[in-house]
Each structure stands twice: as C-alpha cells, then as structure tokens.
Amino acid sequence: MKTIALVLVFLPACFAQQAQLNFGGTITGGLAGDDGSIVVGGYVSLLLSPPYQSKRPQQREWAAYSKADGTFEFDGLTGGTYKLCVQVPGSTWLDPCDWGLQPPVLALSSAQPTASAAIVLTKGAAVPIRVDDPTGSLAQNEGVTAGAQLLLGVGHAPYMFDTAMLTSQDANGRNYTIVIPFGYAAKLVVLSSFFSLTNAAGAALPKTATTIPILVPIGQQAATILLTVTGGGAQ
C-alpha cells in the first residue's frame, strides 16, 4: 500500500510537468503610431520577466519585425509574464520601454495560452547635431589614432544611454540626430579625451564628459546643436 501511495502522489506532479513542457503559448499584436499610421519594420523584442514558472527557461528573449500591415507574432512560448519593447530604426518613434514610458505587459498560462497587444507608439523630437570639422581632424584621426573618439548621446535612466545617430557627413563636418520625448529635459553628453571642441558660442569644452541641456516643447522643432572640432591630440 505504501508503494501505491507514493505512485499516486508522484503521478500528478509528472502530469503537471508534462503539461508545462507541452505548453506552447502565442502572443500577437500590431504596431501603430499615435498619428494613426501603421508602423512597418518595427523591431519588436519580447522579454520573459521573472519570476519564471520553470527554474531554467531555455529562452528568455524573442524578436520579430512588424509586417506590412503592422502585425507581429510570437509562438511556442512558455507560461509567464512578458514585456514588449519596440525599436524603429531611422524614425522618431519612441521605444515604450524607454524614457519612463509604460511598455505593454502580457501573461500566458495553460488556462490562457494566447494574448494580444495593440501597441501605439509615441513620436519623439529629432534633435539635429552639427559637428563642424574645418581642419578634417575627425576624418584624419577617428578609427586610426588611438583614443581618437567622439561620444555624443543622451542618458535618460539608470544604465540607459542612447548614442546619437550619424545621418550624413561632408567635407566640412558631420550631422547627427538624437531622438528625445517632447517636453523632456534631457542633457546631451559630449565626451572626447582626444578632440578639442567648442560650443555654438565658441567656448572651449573640457576634455571630460560635459553636458548640453536640451528641451523641445510640444509642437515645436528642435534647434540644431552646433559643435566645432578645433584640433586633436594632447594639448
């Protein structure tokens, strides 16, 4: 009788584990902008949040691109709570997982194996940054001379830093863009221990991390931030 009792206790646990192994959930959704447009080619990240239903989930992150109609799909998922993040390179759509925004959170279980999210992205302000390089110091040294680097970006949360994107360059310098929320008091970080730079007023910037305040009111265009490279190397 003791052996039978042990088997009866063990069987439900086995069945529960097997059900978890056989579980395959699905998350679907669509991307749209707050202006009503369909967002195509958005990079959607799906993140499994702790605590996990299994001790060692084989996978904790998935990725997909939104299709021509803005839809996306993830399948074969385990039970648990998932967070959805979205990046749209080359656009001004803000990632709902950044800037203090609230990302969509969905839960899957054997009782609810499917879930769906209609994600509406918020448009940010594109802040242009012009780096004049009249002596060609950037082109001559960056990637060639040790330490010849220029960092431009915005920090907006603990351990979060968005690097300014190089959009074009010409014989006299480079153009960058950084996207921030409208009405958000951000600070552009400028750092180079090699290049000497000045701001729009012609004042020299220290060769340590310095910040330039940025704030774009709602409904307005961002003013161009102007920097000038005046030289490079130990001075």
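Some values worked out for this structure:
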read-out: Using alpha-carbon coordinates, inclination of helix 2-22 to the longest axis of the chain, degrees; value: 40
read-out: Cβ-derived FRET efficiency at R0 22 Å, ALA171 paired with GLN149, nearest 0.05; value: 0.55
read-out: Calculated [θ] (222 nm, deg cm²/dmol) that DSSP helices of n ≥ 4 give over the chain, each run adding -39,500 (n - 2.57); value: -3500 deg cm²/dmol
read-out: Phi to ³J(HN,Hα) by Karplus 6.51 cos²θ - 1.76 cosθ + 1.60 over region 109-119, Hz, x for Gly, Pro; value: 7, 5, 7, 9, x, 10, 8, 9, 9, 9, 8
read-out: Cut-off 19 Å, label 7 Å out along Cα→Cβ of GLN53, residues of region 106-120 by amide N; value: 106-117
read-out: Trypsin sites (Lys or Arg not before Pro) within region 45-103: DSSP coil, no more than 12 neighbouring Cβ in 10 Å; value: LYS55
read-out: Computed E for SER193/GLU61 - FRET, C-beta separation, R0 25 angstrom, nearest 0.05; value: 0.10
read-out: Chymotrypsin sites (Phe, Trp or Tyr not before Pro) within region 27-135: DSSP coil, no more than 15 neighbouring Cβ in 10 Å; value: TYR52
read-out: DSSP-loop trypsin sites (Lys or Arg not before Pro) across region 146-213, with at most 16 other Cβ within 10 angstrom; value: LYS207
read-out: Spatially near lysine pairs across the chain, Cα under 22 Å, sequence gap of 8 or more or different chains; value: 6
read-out: Identified option (computed P(r) over Cα pairs in 10 Å bins from 0, in percent; candidates [x] 7, 28, 34, 24, 7, 0; [y] 8, 35, 38, 16, 2; [z] 7, 24, 23, 19, 14, 7, 4, 2, 1, 0); value: [z]
read-out: In order through region 194-200: 3J(HN,Hα) via Karplus (6.51 cos²θ - 1.76 cosθ + 1.60), integer Hz, x for Gly, Pro; value: 10, 7, 8, 10, 10, 8, 4
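Since every read-out is calculated from the coordinates, none of them should be taken as a lab result. Everything numeric in this text was worked out from a predicted model, so none of it was measured. Counting neighbours? That spans all protein chains shown, and the Cβs are built from the backbone with ideal geometry, glycine included.
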